[in-house]
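Q: Take a look at this one; I'll ask things after.
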Amino acid sequence: MNLPVPFQARPDAEPLAFGGAVGEGAPLPLLDLGQLWKVFRRNAWILWICLGVSVAGGLAYALLATKIYSSTAVVYIELEGETVLNNKGVRNLDFAGLEILKSFENLLQGVEIASRVIDSEKLAEDPDFAPLSPEKRIQALQNSLVVALQRGTRNILIQVKDSNPGRAARLAEAYVKQFEDLLSEQNIDASKRVQEALIQQKARIEVRLADNERKLEEFRAAHGDMPIDQDGNIVDQKLKELSGMLSYTKTDRLKAQTDLSQMEAIPKDKPEQILDIGEFRNQEHLSQLLTLLAEKRAAFASVRKQYTPKHSLWISLEGEVVELENAVRQSALEAGEKIRNRYQAAVQNEQKLTQAVQEQQSAILKRDSTRKELVKLLGEVEGDRAIFAQLVQRIKETDVAQTPNLSSIRRFQNPRVPEKPVSPNKKLAVVFAGFFGSFLGGAIILGIFLFDRTLRSRAQVEQQLGLPVLAEIPAVKNLSDDDPLGEILNPHSGVSEGFRALRTALSVSSPRSVLIVSTLPNEGKSFCAINLATLQARLGYRTLLLDADFRKPSLAKILKPKTPIPQSDGQNLFFQTAVDNLFLLSCGGFGPNAVNGEHFAAMLWEAYRNFDCVIIDSSPLGVVSDALGFARYVDSVCLVVRAGLTQSSEVKAVCEELRRMRAPLAGCVLNGSTEPTRAGLHFETYTKGHSAFPALKAAS
């Protein structure tokens, strides 16, 4: 019977790429959220244990811890009260602003009020406080106190926590009372100190005011003839008049200067334009003269067109025009002379008035020192009067403030004896313990995931090794050495489907010999070799299963061939197994030089003449290097990776060695996979109730 070549692929199929560098061109490892979720599911028992232990601890704490009761009082601070001069060390007790509220808060938390509360409540005789020293007694009381300024209000919350509910209420009441008493005492003392300081200061200011008033009266009597206004300024009427005249003169000089500039810009052959400057344009006789000249010139121009120069009318009009032009020119010259004279007079008047003003100002400056002395006396007198009046008002205010102003502190809430403890909070303790246990369990599982360097999924293998996963073999539970082919003989099992997928993937390169290798023992290398060889044999291919594990041969024990396998006798003998078309050659039947690469190649060519395909089971490459000598002589190499067992660093080193030997590495087989694929989820449902395919039946 002529059978096709084992693992036959389509003629146009591309060969499978292999032999590339491990990780070459592969992306960097990323956080696999899907794998992380699977790790959480697989180790959920850790989370539940941590959660249970934490909740149990929280319940124990809630039941056994000492119960703490809390009593609360709320006081309202009215930001009003006396405002005292801040003079010469007198403290300013201004009840305004957040600073005062903060100072009250610090006062309640201070040692002074704590000592007063201890004395008033006789805590030194209390059994819980008596064994403590005075310093530790105060510290213990302060630790039980909570004082908080409620944001956005003027309320101060005073809360005392204690194991005795009655004592907690008494201590809160004592804190409020001692706070009121202390503020009252401070108010009285401060008022007395301030009043004494103000009276002394009033006496000093009164003496100084009388002395300054006397000096002012003496100064006014000595300088009565000096013109001084109510502000102490020297008044000089002559200087005011001279300043006004100087301003008017400057205006007149500027006007005359403007007329002179216009006159100088007029051409010499047109002197009549001078009559249009300033006041001359409004003089009636000059306007009439210019109008008459214009009329005569117009009449003469008309005559010149009709008559000759010798005509009497020509001669008459020409004489009148010349006479009028001479009159206009003479008037223009006189006007120009008046403009020049006016400008010169204005300049001289301005100079004289400027000199007079300067002389008058110099005279006033000589009396300026006297004016300064007067201004100084006036300022001292007015300042002393203002201070004196303010001190009198402050003294009146402090007289009123000597009575304690208890209305500045009002109680909004009186302390009460608590009925329920505030600590421990059972619900909060259990919830917190639950969160802590969940966090601890999640952290442990996350640590397991981060520190786990084993390969578990197809995505991890392809990402870490840069090799394709040819097939995923599901994990087989309770695999028996007496029946290693139970799963592969069942065509509806997931294992059988996985090996069919492996055979399909290998068919791309149509190999006749396949070397099955692994990194470490117990990764399923022999299991994959036996099942792949069995699948080939059941499909009708004459298959040789070669046990090349010289260190630990096991295939003969598993398959139990019909004829005993002789020990090394110099010949390679093939033995029939219980599966049709499947033959076994164990390393026990090899010659003494079979481990040599050349002898292995010769033996492999001899097997090609008798068998359709050869499946080779070898030693683990992470332990011994025997398989490296065989790898370059076979058509394809399959690397078995055990899910959850094979370390990524070790399998990478094996891939590097195979690449260095130029082995035809086709890909990986993920053995023992516990990750269900979408196809695997539907496989059993899809095949349930259907018999095997005819081809599988025929192969069986």
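The values are calculated or read from the model by the stated rules, or taken from the named source; none is laboratory data. Only a predicted model underlies this, so the values are computations on that prediction, with no experimental measurement involved. Neighbour counts run over all protein chains shown; Cβ positions are idealised from the backbone, glycine included. Side chains are part of the model used for accessible areas, which takes the heavy atoms of the whole protein and leaves out ligands, DNA and RNA. Shrake-Rupley method; radii C 1.70, N 1.55, O 1.52, S 1.80 Å.
Q: Can you list the helices (runs of 4 or more DSSP H) lying wholly within the range 81-191 that have 1 or more residues being buried (at least 16 other Cβ atoms within 10 Å of the Cβ) and modelled with pLDDT under 85? Before you say what the answer is, go through the steps one by one.
A: Working: elements: 98-108, 111-121, 134-143.
It comes to 98-108.
Q: So, one more: Please name all residue pairs, on different chains or six or more residues apart, with Cβ atoms under 8 Å, provided the first residue is in the range 281-309 and is over 26 Å from Gln330 (Cα atoms) and the second residue is open to solvent by 90 Å² or more (accessible area, probe 1.4 Å).
A: Every condition considered, the pairs that remain are Pro309/Ile315.
Q: Could you tell me how many of the residues in the range 590-620 are touching a Leu at 6+ places or on another chain (Cβ under 8 Å) and either at pLDDT below 85 or within 23 Å of Arg538 (Cα to Cα) (or both)?
A: Initially, the range 590-620 is screened for residues touching a Leu at 6+ places or on another chain (Cβ under 8 Å), giving 607, 610-618, 620.
Next cut, either at pLDDT below 85 or within 23 Å of Arg538 (Cα to Cα) (or both) only: 607, 610-618.
Here the count works out to 10.
Q: Hey, another quick one. Scan the range 158-215 for residues that are within 30 Å of Pro421 (Cα to Cα) and of a type in the set (A, V, I, L, M) and jot them down.
A: Selection gives Ile158, Val160, Ala168, Ala169, Leu171, Ala172, Ala174, Val176.
Q: When Leu31 is evaluated against the numbered criteria (1) modelled with pLDDT of 90 or more; (2) out of contact with any strand residue (DSSP E or B) (no Cβ under 7 Å at 6 or more places or on another chain); (3) not in a helix (DSSP H, G or I), which criterion, by number, is the only one it fails?
A: (1)
Q: Consider the range 57-76. How many of its residues are of a type in the set (Gly, Ala, Ser), touching a helix residue (DSSP H, G or I) at 6+ places or on another chain (Cβ under 9 Å) and more than 12 Å from Pro421 (Cα to Cα)?
A: Taking the range 57-76 and keeping what is of a type in the set (Gly, Ala, Ser), we get 57-58, 60, 62, 65, 70-71, 73.
Filter once more, keeping what is touching a helix residue (DSSP H, G or I) at 6+ places or on another chain (Cβ under 9 Å): 57-58, 62, 65, 70-71, 73.
From the residues that got through so far, the ones that are more than 12 Å from Pro421 (Cα to Cα) too are 57-58, 73.
Total satisfying the criteria: 3.
Q: Could I ask something else about it? Please pick out the residue among Glu325, Glu295, Glu272 that is modelled with pLDDT under 75 and open to solvent by 50 Å² or more (accessible area, probe 1.4 Å).
A: Working: Glu325 fails: modelled with pLDDT under 75; Glu295 fails: modelled with pLDDT under 75.
The match here is Glu272.
Q: Of (1) β-branched (Val, Ile, Thr); (2) outside any helix (DSSP H, G or I); (3) modelled with pLDDT of 80 or more, Thr403 satisfies all except one. Which?
A: All conditions are met except number (3).
Q: For the structure I just gave you, tell me whether Arg208 is farther than 16 Å from Ile118 by Cα, open to solvent by 60 Å² or more (accessible area, probe 1.4 Å) and either touching a helix residue (DSSP H, G or I) at 6+ places or on another chain (Cβ under 7 Å) or outside any helix (DSSP H, G or I) (or both).
A: Values: farther than 16 Å from Ile118 by Cα: yes; open to solvent by 60 Å² or more (accessible area, probe 1.4 Å): yes; either touching a helix residue (DSSP H, G or I) at 6+ places or on another chain (Cβ under 7 Å) or outside any helix (DSSP H, G or I) (or both): yes.
So Arg208 passes the test.
Q: Here's something else I'd like to know. Buried (at least 24 other Cβ atoms within 10 Å of the Cβ) and either within 25 Å of Gln460 (Cα to Cα) or out of contact with any helix residue (DSSP H, G or I) (no Cβ under 6 Å at 6 or more places or on another chain) (or both): which single residue out of Ala607, Ala578, Ala666 fits that description? Show your work before the answer.
A: Numbers: Ala607 fails: buried (at least 24 other Cβ atoms within 10 Å of the Cβ); Ala578 fails: buried (at least 24 other Cβ atoms within 10 Å of the Cβ).
Only one candidate passes the filter, namely Ala666.
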